[in-house]
Structures are given as structure tokens and as C-alpha cells.
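Data block below; observations after.
Bear in mind that the values in this text are calculations on the coordinates, not laboratory data. Every value quoted in this text rests on a predicted model; they were computed, and no experiment measured them. Note that each Cβ is placed from the backbone with ideal geometry, even for glycine, and that neighbours are counted across all protein chains shown.
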2 protein chains.
Amino acid sequence: MRQTRLDLGRIRAARQVIDPVFLGSPLYRCEALEAVLGCAVSVKLETANPVRSFKGRGTEVVVAGLPGGVGARAVVCASAGNLGQALAWSGRGRGVDVTVVASRFATPVKLERIRALGAGLELVDGDHELARARAAEIARYDGIRLVEDSLDVETCEGAATIGLELVDGGAEFDVVLVALGGGALATGVGQVLKALAPGVEVICVQPLGAPALTLSWRARRVVTTESADTIADGVAGRFPIPAVLDDLLLVADDAVLVEEASIVTGMRMLLDHAGLVVEPSAALGIAAVLEDRERFAGRHVVTVVCGSNVDPGLYRRWVGRGGTR
Amino acid sequence: MRQTRLDLGRIRAARQVIDPVFLGSPLYRCEALEAVLGCAVSVKLETANPVRSFKGRGTEVVVAGLPGGVGARAVVCASAGNLGQALAWSGRGRGVDVTVVASRFATPVKLERIRALGAGLELVDGDHELARARAAEIARYDGIRLVEDSLDVETCEGAATIGLELVDGGAEFDVVLVALGGGALATGVGQVLKALAPGVEVICVQPLGAPALTLSWRARRVVTTESADTIADGVAGRFPIPAVLDDLLLVADDAVLVEEASIVTGMRMLLDHAGLVVEPSAALGIAAVLEDRERFAGRHVVTVVCGSNVDPGLYRRWVGRGGTR
């Protein structure tokens, strides 16, 4: 049988090197949401930590694994904002120089936080894929470690510790909904569930406007897109990584695409019925339920609320006015 | 030396009977808030659980301690909404009949959730103090247990487990800010800190519009007020309980009053800089910092974010428009 690049033993070991502030995140039923969604809903809340996203789990593993030499203690990554923030946090705590390359169109608060955490920030005049290319260039030129989200197995195995916590939680659930961007979260959580709770359906959710990895999963080969157009900035890639796709094909049961309007409604529902501020990527799971209520009716769904780094002004516009009854 | 009614051994034991979903709540630094507040700020987040407030810690202890006989397995409480919700949750899980008495002016979403959790709900045509009197009447008439928030030591000792987690967290902090209502949270957290981290200043915060327990603490005798007028519905009592005041005098270092406008600004700051939805009571700590920046400058403050049960419409009005830079 084919295997993913991820390893359960290493995922368990990852828990030992990740700062506890990122571990043991809340997992609980949101009954007020259930009434409006028609299925049991639990939330795995990855926003109540110093970087307001799950990415700290992965960057802690990356930085803990760096060799000790002074020259070796510098890293660069491309980021839509959350990885960069997490890497900056982990690097600062462990004396590692961090450079983050981002699109100049990235969410301003994310960029601000990266700077505030002491990382070097370079902006490129293009989208996330251009930032990725530029980060690779810096790594080559400076001879430092390039941290590639989802390709570097530490980022997947760090995210996979969420899966361990879901399984340890002892809750009986039928479905896990995970946001699909580069694939680290989906392959990580999927790997653990397929190994330890194979009866649970792992469904990846991506915006219709940035569908590259979903289309690839469906086609079983890499499909790229010309553009990525979604408010869910955290998952707006266009060039899926072949090795990640291979893993995803082994651990995901489905990959679905959702409309922007559903993402906004999901954000509003999480505010009104769960009291949670989320960034668009973190509402993808609820959006998936909204678009296919029948599929989830009567089942117990866990949605990973993966980040809350939103621009306050935009957030007010998205959730402004009106209830969601 | 005088002692409070609370006992550290019983507080430690309480952790064994409280559903883990309420324990180990997130405790983390919010650096984005620090930049605007001028002091180090950590949040102890008590909203990421099935009842969206810290009250479940206390109600779990209450319900776990009920005798086993069928007649004994019914309780009644007065509540502004959060205690009732938590008691309803704990009662449902352990086969205990719960009746909640509330003011008909209580926050509608709180009342809805109490009903949805299967508790009986009786509304009185007056404020929280009338609800307390009516709950006592029901208890006498029906011969069932009256759960009195803050008077019943289980409610204080349940809340006190937050104090244990603050101390266990190992963080170096100088000040803990707690919302002051009936006093359970303040005496509970205060008790633990005075015992295990006596160098930490315990500051209670109450709205200027509902100052009864603060005035009592300052006068060292019970002071009641004619009315309570604040958006912080969770802390709007008028008749302090003498035994609770006695405890508070032993464990609180200070009790301060804040303006309504500061509470609203605090809510907005927690949204904009921490991505947290909070009810007004949970913003009291930030409000206290805002009103006396000099007192906290350069210190490390922990604020207990004690609840997030807000009416979505009101919440939008409170935090609507404008940033908080």
C-alpha cells in the first residue's frame, strides 16, 4: 500500500517540541449553530493563541528542528500572512532570523503582525505564487533554509497534531471539515484520522474562486489555475505541490468547492451563533454544510476553525447588518 | 488570621468533577493589544466552551455534589443568563431538573439558550434581585436545592479553578483583572492567587452603573444600591451577599469602577486587536486599563475574558464602525 510522507510517530513526537500555547486547543459542541445547520457541530478552535491561527504548530516543529550553527539559524518563507506570523513568533522565541515574503496585496493586519514580531518582510508585486518564487530565490542566494508550507513535512506534521487532539477528545463524530489551501492542514489531519479513526470522513473545502488543489484532487494530477479570486486569502494558491497532492489523494475522502457568499454567511453564523471571529478560510467548513445540508443532516461534524486574522474594517463589512436566522 | 469560606484542597478536587470541556482554557499573550494598551496583556479565555462563559466550572461542581435521591435531583437558580445556561447544561448532562428564574429584561439570547438546553424558565417582571427572591421562593415551596451564585461555595470554588490554571500556566504576571458581579469569580480567583502567588495584584472591576459590591468592599460593609444601570448585564446586582463580601475583603487588592464608554471601547479593542467577541462583563478588565493606563504601564496584566453571550444585534451596535487605534 502506498503511504504518505507523514509519519504517526513523528506527529506524536511533534507534540513534545511545540510550545504548549498552541496545543490542546478547545474542542466543543456549538448547539446554537446546530439549530440553524441541521447537524451536530463541534468546533476545533485554532485561534486562541498568540498568532491566531493553527500555523504555530507547524512552525514550532520547523524551528525546533533547525541545526544549531549560527549560519543555519535563519529561515525564509512565502506567506499569505498566517505562516509568516507563526514563523516569526517561533523564530523570535528560539533565536532564529526570519524573513517573510508576501504579496503586497496580502491582508494588511497580517503583514503588520509579521513586522511587529520582528521578522524581515519583503513584499512582491504579485500574488502568493510570485511570493513563493521570490522566497525560493532568497533562500538560494542567502544559503538559508526555505520553509515551504505543505511541502515541508514539518508543517504537515505540526498541523497533524490537531488530528491527534480530535481523536484523543473521545468525541464521536462522523465528519471533519478542513480548509484546503496548500494542503498541510488537510494532509496532516487526514493522515491521523485515516490511521486512528478511519470511519471519520475527511472533507476538504476550498473556495470556488481558488480551486486548484481541489481540481487536482479530482483529476488525480496537478491542475493549476490562471488566477485565484477569493476573500479567503489564506487558501488562495494556484500551483499545487505534486507531493502534497499525492498525500491528499491517500487521506482525503472528498474535496468540495464553495461560493464566496457561503463563506460570508458562514462567518456571520460563527459570529452570531458561536461568538467566534474567524477569517474567511476558517468559515469554509460551515460554508460546505450550508451548500449541502442534506449530506450532513443528522451527522456530527467537526469544523477546524483555523484562523481569525481579519482586517477589522473588512470584517465589519462581511458580517455587518442582519442576522442569520 | 481570618480565612475565607473557600478551601484550596476542595478547589483542587473540583477539577476532578468538572467536565474537561470547561478546564484548561486558553491563556496567551495578545501582543496586538499590548501596543494599544501600553502594558503586557494575557487573556484567559473562558468563552470557548459549550456555554460560552466560565460558569460551567461552578455548576459542574454544584451538580456533581447533589445527593442521588430522585427528589433531590432538582435545582433552581436565579440568573442574568450565564449561570442559568451553565446550570441547565450541567443538569441535562447529569439527569438533574433545572429551573431558572430570570428578569424578563435579561439578554434574549441567554434566555433562548437556557430554554434550548431543556431547563424550565420563569421570568419575573423586575430586575435580577427580584429573580433571586423568586428563586428562593420556588426552592422553599418545592423543597428543592436553591443554587445561589457566589453564596454557594461550589460556585466560587468552581470559578477558582481558573486561578489554579493561571498559577500552573507558569506565566510571570503582575496583575489579574476580574469582573466583579456577585463575587464568585473574584473570590475564587483571588483565593488561589493569594495562596499560591501572593505577589500578584488581584483587581476587581465593576461598572460605575452597578457598583454595589465595590462600594461595599471600600466601606467594608454591605452597601446596596437603588438601581443597577449598565450594559454589563452579567454583573448588575444591587444586594451584595455579606459572606461573599467578607471573603472578598480578604482576597481582593482593589476594586475599581469603570464607565460604560470604556466597556464599549474594551469590547471593540478585543474584537479589533484580539479577534475576540466578548459580552460587556468580559471587557471590564480592558476598560480598567483604559481608565488608568499609568497604573498598568509596563506591567503584565491577565484579564479573564469571562463570557461571550451577546445579542448579535446589540453587539454590532456596540462595536460597529470605527477602529480603535
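Roughly what angle does helix A:8-17 make with the longest principal axis of chain A, taking Cα atoms, 0 to 90 degrees, to the nearest 10?
It is inclined by approximately 70 degrees.
Neighbouring Cβ atoms within 10 Å as the yardstick, rank B:Trp89, B:Trp318, A:Trp217 fewest first.
Fewest-to-most Cβ neighbours within 10 Å comes out as B:Trp318, A:Trp217, B:Trp89.
Tell me what chain B gives for mean residue ellipticity at 222 nm when only DSSP H runs of n ≥ 4 count, each as -39,500 (n - 2.57), the sum divided by the residue total, rounded to 500 deg cm²/dmol.
-13500 deg cm²/dmol
Under 5 Å between amide H atoms, partner at least 5 residues away or on a different chain: which partners does B:Val223 have, H built in plane at 1.01 Å?
Close amide H contacts, sequence-distant or interchain: B:Ser216.
Segment B:145-212: which GluC sites (Glu not before Pro) are DSSP loop and have at most 13 other beta-carbon atoms within 10 angstrom?
B:Glu172
Taking the Cα-to-Cβ direction at B:Asp125 and at B:Leu208 and moving 7 Å from each Cα, how far apart do the two end points lie in nm?
3.4
What is the sum of charges around A:Val258, taking Lys and Arg as +1, Asp and Glu as -1, for the other residues whose C-beta is under 11 Å from the C-beta of A:Val258?
-4
So which trypsin sites (Lys or Arg not before Pro) in segment A:223-321 pass both tests, a DSSP loop state and at most 11 other Cβ atoms within 10 Å of the Cβ?
Those satisfying the criteria are A:Arg321.
Rg/Rh for segment A:55-147 to two decimals, with Rh computed the Kirkwood way over all alpha-carbon pairs.
0.94
What is the order of A:Cys30, A:Cys39, A:Cys306, fewest Cβ neighbours within 10 Å to most?
By the 10 Å Cβ count, ascending: A:Cys39, A:Cys30, A:Cys306.
If you take the beta carbon distance between A:Asp292 and B:Ala297 as r and set R0 to 56 Å, what does 1/(1 + (r/R0)^6) give as a FRET efficiency, to the nearest 0.05?
0.60
Lysines within cross-link reach of B:Lys194: Cα-Cα under 21 Å, excluding same-chain residues under 8 positions apart?
B:Lys44
Residues of segment B:30-67 with amide nitrogen under 18 Å from the 7 Å Cα-to-Cβ point of B:Gln16?
Backbone N within reach: B:58, B:60-67.
With the contact rule set at Cα under 8 Å and sequence spacing of 6 or more, what percent relative contact order holds for segment B:55-147?
32
Work out the mean other chain Cβ neighbour count within 10 Å for the residues of B:300-312 and drop it here as an integer.
Rounded to a whole number, the mean comes out at 2.
Filter the trypsin sites (Lys or Arg not before Pro) in segment B:1-44 down to the DSSP loop ones having no more than 12 other Cβ atoms within 10 Å, then list what survives.
Counting only loop positions with at most 12 other Cβ atoms within 10 Å, the trypsin sites (Lys or Arg not before Pro) in segment B:1-44 are B:Arg2.
What is the distance in Å between the Cα centres of segment B:191-263 and segment A:258-325?
37
Convex hull over the alpha-carbon atoms of chain B: what's its volume per residue in Å³?
120
Between A:Ala133 and A:Ala72, what's the calculated FRET efficiency when r is the beta-carbon distance and R0 is 22 Å? Round to 0.05.
Given R0 = 22 Å and the Cβ-Cβ separation, E is 0.40.
Please list, in order along segment A:145-160, the HN-Hα scalar couplings obtained from phi with the Karplus expression 6.51 cos²θ - 1.76 cosθ + 1.60 (θ = phi - 60°), rounded to whole Hz, x for Gly and Pro.
5, 8, 9, 10, 4, 6, 6, 6, 5, 4, 5, 6, 6, x, 4, 5
Please state the relative contact order of chain B as a whole percent: Cα pairs under 8 Å, 6+ residues apart?
Worked out over chain B, it gives 21 percent.
In segment A:141-184, whose amide N lies under 19 Å from the spot 7 Å out along Cα-to-Cβ of A:Asp254? List them in ranges.
Output list for this probe position: A:173-181.
Between A:Ala35 and B:Ala261, what FRET efficiency follows from the Cβ-Cβ distance if R0 is 22 Å, with the result rounded to 0.05?
It comes to 0.05.
Say each of B:Gln3 and A:Arg140 gets a label point 7 Å from the Cα, pointing the same way as Cα to Cβ; how far apart are those two points in nm?
Result: 7.2 nm between the two label points.
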